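*Asks:* First the structure, which I've put down as structure tokens, then a few questions once you've had a look.
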Amino acid sequence: MKILITGNMGYIGPCLVRHLRENYPGFFLVGLDTGYFGNCLTNETILPECNVDVQFFGDVRSFPDDSCKGVDAVVHLAAISNDPMGNKFEDVTFDINFKSTIEMAKKAKMAGVKAFVYASSCSMYGSAESSARNESSLLNPLTAYAKSKVSSEIELKTIADDGFKITSLRFATACGMSERLRLDLVLNDFVACAVASKKITILSDGTPWRPLINTKDMARAIEWAIVREKENGGNFLAVNIGCDQWNFQVKDLAEAVSKVIPNIEISINHDAQPDKRSYKVNFDLFKKLAPAYQPRIDLMTTIEELKNGLEAMGFKDSNFRQSRYVRLKVLTELQEKGFLNERLEWTTKV
Ligand SMILES: NC(=O)c1ccc[n+]([C@@H]2O[C@H](COP(=O)([O-])OP(=O)(O)OC[C@H]3O[C@@H](n4cnc5c(N)ncnc54)[C@H](O)[C@@H]3O)[C@@H](O)[C@H]2O)c1
């Protein structure tokens, strides 16, 4: 099977490639990425792109028509991938996350691709504390990022047919190690705070709800979406990816980190404006459709994994929220130095 993975040079991409390589050594894996975070490596002796058969460097906004020739499945990860970036680069987020997704799906279908896997997000539920949201619940996207995921799903649904299966995976918030670690994700941030400074600073009042999922379990869910029979979920399927036990309040995550890394001070910002992005999610559908692909890695194991990974990196930067482990900082710096223009396209400056 030949699989094109867009956005393979980010946080989740290397975990997915490693998983597919280990479990399906015969698959031909093609990467396509513009390389915004190329040098944001966790361990600089390992270049994760060595695990794909071919790596293309390109922008999904100018996706060549013939890129899907001979491809059986596309996994579309490329995106402006969180709320802070979406807020700063709103128009670009719309172009990359929505317009390019739809163009790519159409080109993939034309080229005879059979399966299209889209990395969506539970953040489309927005404010949903009262009861856990399922796939039939009303969507309430509060940010440019979440809106781009909703718009994509609506349009993708019209493109799927008997010969072109689309699975939109509404992922919980990712956590865990990767060859390209991100520390702008809630649990990763807390563990990094604990390792670097023995103090976790919660920027909110700690009450928002977030469902979480380990990167390894995300990779397994993507595998399922590639191989699932279309009778199992239909030609178009939007499904929450995570598990019920992993709906946490942010303050509970900090407490959990302090159980693994002792003598931690936890500071909560009681004066913070309420964070409207708070949602509990129901994962029954995923459980029903994919019993063999349910998340396996628990919270304590993930915290241990992050702690060990950060310690192995010699991580000590208590100012990491301003570092290259934060996606928005990387893009802003590349732009300030003139390497990216206002549309986040590479300039020719060297
Ligand atoms: N990390 C999470 O918590 C999470 C949760 C839910 C959904 N998702 C989704 O999963 C996907 C991957 O997330 P991630 O955490 O790996 O994000 P990431 O930001 O780490 O990686 C995204 C990759 O896409 C590439 N990219 C961005 N714009 C591109 C363009 N125009 N052309 C080609 N490549 C481009 C970047 O260079 C980067 O390598 C995203 O679609 C994201 O929205 C992530």
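*Asks:* Within 14 Å of the ligand (Cβ to nearest atom) and either open to solvent by less than 10 Å² (accessible area, probe 1.4 Å) or out of contact with any Gly (no Cβ under 7 Å at 6 or more places or on another chain) (or both): which single residue out of G176, G206, G163 fits that description?
*Replies:* G176
*Asks:* For the stretch 179-197, name all the residues that are farther than 20 Å from V330 by Cα, surrounded by 23 or more Cβ atoms within 10 Å (Cβ to Cβ) and of a type in the set (G, A, S).
*Replies:* Within the stretch 179-197, just A194 meets the criteria.
*Asks:* Considering the stretch 18-56 alone, what residues qualify as being closer than 16 Å to V227 by Cβ and aliphatic (A, V, I, L, M)?
*Replies:* Those that are closer than 16 Å to V227 by Cβ and aliphatic (A, V, I, L, M): L20, L29.
*Asks:* Now, a different point. Give the number of residues within the stretch 84-100 that are away from the ligand (no atom under 11 Å from the Cβ) and open to solvent by 70 Å² or more (accessible area, probe 1.4 Å).
*Replies:* Qualifying residue count for the region: 5.
*Asks:* Condition first: more than 16 Å from the chain's Cα centre (by Cα) and in contact (Cβ under 8 Å) with a residue 40 or more places away in the chain. Now tell me which residues in the stretch 3-23 satisfy that.
*Replies:* I3, L4, L20, N23
*Asks:* Taking only pairs six or more apart or across chains, which ones have beta-carbon atoms under 7 Å, a first residue in the stretch 267-293 that is of a type in the set (D, E), and a second residue that is assigned to a loop (DSSP other than H, G, I, E, B)?
*Replies:* D275/S204; D275/P208; D284/N134
*Asks:* When the residues of the stretch 101-127 are narrowed to those that are open to solvent by less than 10 Å² (accessible area, probe 1.4 Å) and in contact with a Cys (Cβ under 9 Å, 6 or more places away or on another chain), which ends up nearest to the ligand (Cβ to nearest atom)?
*Replies:* The qualifying residue nearest to the ligand (Cβ to nearest atom) is M104.
*Asks:* Hey, another quick one. Among all residue pairs at least 6 apart or on different chains, which show Cβ distances below 8 Å where the first residue, located in the stretch 176-197, is at positive phi and the second is of a type in the set (K, R)?
*Replies:* Sorted first by the residue in the stretch 176-197, then by its partner, the pairs are G176/K216.
*Asks:* Here's another thing I want to ask about it. Just to check your reading of the model, which residue among E153, E135 is in contact with a strand residue (DSSP E or B) (Cβ under 8 Å, 6 or more places away or on another chain) and part of a loop (DSSP other than H, G, I, E, B)?
*Replies:* Only one candidate qualifies: E135.
*Asks:* How many of the residues making up the stretch 22-40 are more than 12 Å from the ligand (Cβ to nearest atom) and either small (G, A, S) or surrounded by 15 or more Cβ atoms within 10 Å (Cβ to Cβ) (or both)?
*Replies:* 6
*Asks:* Could you look through the stretch 57-83, keep only residues that are under 27 Å from R228 (Cβ atoms) and within 9 Å of the ligand (Cβ to nearest atom), and pick out the one that is surrounded by the most Cβ atoms within 10 Å (Cβ to Cβ)?
*Replies:* Taking the candidates together, the pick is A78.
*Asks:* Residues to consider are N232, N214, N240; find the one that is of a type in the set (S, T, N, Q), out of contact with any Gly (no Cβ under 9 Å at 6 or more places or on another chain) and within 16 Å of the ligand (Cβ to nearest atom).
*Replies:* Exactly one of N232, N214, N240 is of a type in the set (S, T, N, Q), out of contact with any Gly (no Cβ under 9 Å at 6 or more places or on another chain) and within 16 Å of the ligand (Cβ to nearest atom), namely N240.
*Asks:* With the requirement that a residue be outside any strand (DSSP E or B), closer than 24 Å to L138 by Cα and not aliphatic (A, V, I, L, M), what does the stretch 220-239 give you?
*Replies:* N232, G233, G234, N235
*Asks:* Could you check I200 against (1) away from the ligand (no atom under 13 Å from the Cβ); (2) touching a strand residue (DSSP E or B) at 6+ places or on another chain (Cβ under 7 Å); (3) open to solvent by 10 Å² or more (accessible area, probe 1.4 Å) and say which number it fails?
*Replies:* Status for I200: all satisfied but (3).
The values are calculated or read from the model by the stated rules, or taken from the named source; none is laboratory data. Computed from a prediction, not measured in an experiment: that's the story for all the values here. Methodologically, a virtual Cβ is constructed for each residue, glycine included, from the backbone with ideal geometry; neighbour enumeration extends over all protein chains shown. Ligands, DNA and RNA are excluded from the accessible area calculation, which covers all protein heavy atoms including side chains. Shrake-Rupley method; radii C 1.70, N 1.55, O 1.52, S 1.80 Å.
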